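A.B. asks: This is the structure I want to talk about, given as structure tokens.
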Amino acid sequence: GAVVSQHPSWVICKSGTSVKIECRSLDFQATTMFWYRQFPKQSLMLMATSNEGSKATYEQGVEKDKFLINHASLTLSTLTVTSAHPEDSSFYICSARLGTGVNTGELFFGEGSRLTVL
Amino acid sequence: QKEVEQNSGPLSVPEGAIASLNCTYSDRVSQSFFWYRQYSGKSPELIMSIYSNGDKEDGRFTAQLNKASQYVSLLIRDSQPSDSATYLCAVVEMNTGFQKLVFGTGTRLLVSP
């Protein structure tokens, strides 16, 4: 399968600071990447769809000014959690889709980034 | 957002048995369905994709799709303790201009030696 790399794997920060998470597709070009968040014992919740060269599409209830997404190239998308607070502590996972047709929606996930805000 | 529903489990099966995982979805126009496996603390990994009604087999895994009943399942034959994980059903939700993948809450599978 396709390889998606995410960095850092885990990060601990103080409340009020900003944290940037990188997501790279290593062996394919991803026009679209997706950012998910997963709280303990819950499923993945889509935060936003990141489109190369254009603004991200955010899901309802996700603050776009707090979760800044940049997709500057076909292999890199970044998520910046601005002014992080303890309630932002979660497992953030990026993914990229291989193919663009209706029947090629397979998503490949990065390793995930566990954020702990003190 | 349309719904994808799974029994949270845990589903406990002995080693060597068949594990049956079920999923229902509400979006009638969905065409693409996926099963992901997620170990604790790790990100999901794709196991199977299925797009047409019927069965699709890959090794010990068989995905079954029934669009009329809006039902998709995953069978794991000869279950192994290493199969113990949470299995996530995912459905592509069709929206104007783009698609997105909606996940169920997952079924936790425990395979005992």
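The values are calculated or read from the model by the stated rules, or taken from the named source; none is laboratory data. Every value quoted in this text rests on a predicted model; they were computed, and no experiment measured them. Positions of Cβ are generated from backbone atoms using ideal geometry, with glycine treated the same way; all protein chains shown enter the neighbour counts. In case anyone asks, the SASA skips ligands and DNA or RNA and just uses the protein heavy atoms, side chains included. Shrake-Rupley method; radii C 1.70, N 1.55, O 1.52, S 1.80 Å.
A.B. asks: Count the DSSP beta bridges whose two residues both fall in the protein assembly as shown, then state the antiparallel fraction as a percent rounded to the nearest 5.
C.D. replies: Taking every DSSP beta bridge with both residues in the protein assembly as shown, the antiparallel ones total about 90 percent.
A.B. asks: Could you pull out the longest piece of chain A with no exposed loop trypsin sites (Lys or Arg not before Pro) in it, calling a site exposed if DSSP puts it outside H, G, I, E, B and it has at most 11 other Cβ atoms within 10 Å?
C.D. replies: Free of exposed loop sites, the longest segment is A:42-118.
A.B. asks: With the alpha-carbon atoms as the only input, what is the per residue convex hull volume for the protein assembly as shown in Å³?
C.D. replies: That works out to 119 Å³ per residue.
A.B. asks: Under the Kirkwood approximation applied to all pairs of distinct alpha-carbon atoms, what is the hydrodynamic radius of the stretch A:1-91 in Å?
C.D. replies: So the Kirkwood estimate lands at 13.7 Å.
A.B. asks: With 20 Å as the limit, write out which pairs from A:Lys66/B:Lys42; A:Lys41/B:Lys42; A:Lys20/A:Lys55 have Cα-Cα distances beyond it, or answer none.
C.D. replies: A:Lys66/B:Lys42
A.B. asks: Just the number, please: carbon plus sulfur as a percent of the accessible area of chain B, 1.4 Å probe, no ligands or DNA/RNA counted. Working shown, then result.
C.D. replies: On the way: 2490 of 5250 Å².
Its accessible area is 47 percent carbon and sulfur atoms.
A.B. asks: So, one more: May I ask you to work out the translational diffusion coefficient for the stretch B:22-113 at 10 °C, viscosity 1.306 mPa s, via Stokes-Einstein with Rh from the Kirkwood sum over Cα pairs, reported in whole µm²/s?
C.D. replies: Details: Rh = 13.7 Å.
Taking Rh from Cα pairs, D becomes 116 µm²/s.
A.B. asks: May I ask you to give the percent of accessible area on the stretch A:25-81 that is carbon plus sulfur, with a probe radius of 1.4 Å?
C.D. replies: On the way: 1470 of 2970 Å².
Ligands and nucleic acids excluded, carbon and sulfur reach 49 percent.
A.B. asks: Using r as the Cβ-Cβ distance of B:Arg77 and B:Leu110, and R0 as 25 Å, what FRET efficiency do you calculate, to the nearest 0.05?
C.D. replies: Calculated transfer efficiency: 0.90.
A.B. asks: Can you return the lysines within cross-link range of B:Lys56? Criterion is Cα-Cα under 24 Å, with same-chain partners fewer than 8 residues away left out.
C.D. replies: Straight-line reach from B:Lys56, under 24 Å: B:Lys67, B:Lys100.
A.B. asks: At the nearest 100 Å², what buried accessible area, both sides summed, do you get for A and B when the probe is 1.4 Å?
C.D. replies: It comes to approximately 1800 Å² buried between A and B.
A.B. asks: Still on this structure, please answer the following. Let me know the Kirkwood hydrodynamic radius for the stretch A:47-118, please, with Cα pairs as the basis and the value in Å to one decimal.
C.D. replies: 13.5
A.B. asks: Let me ask something else. Evaluate E = 1/(1 + (r/R0)^6) for B:Lys56 and A:Lys64, where r is the Cβ-Cβ distance and R0 equals 35 Å; express this FRET efficiency to the nearest 0.05.
C.D. replies: 0.35
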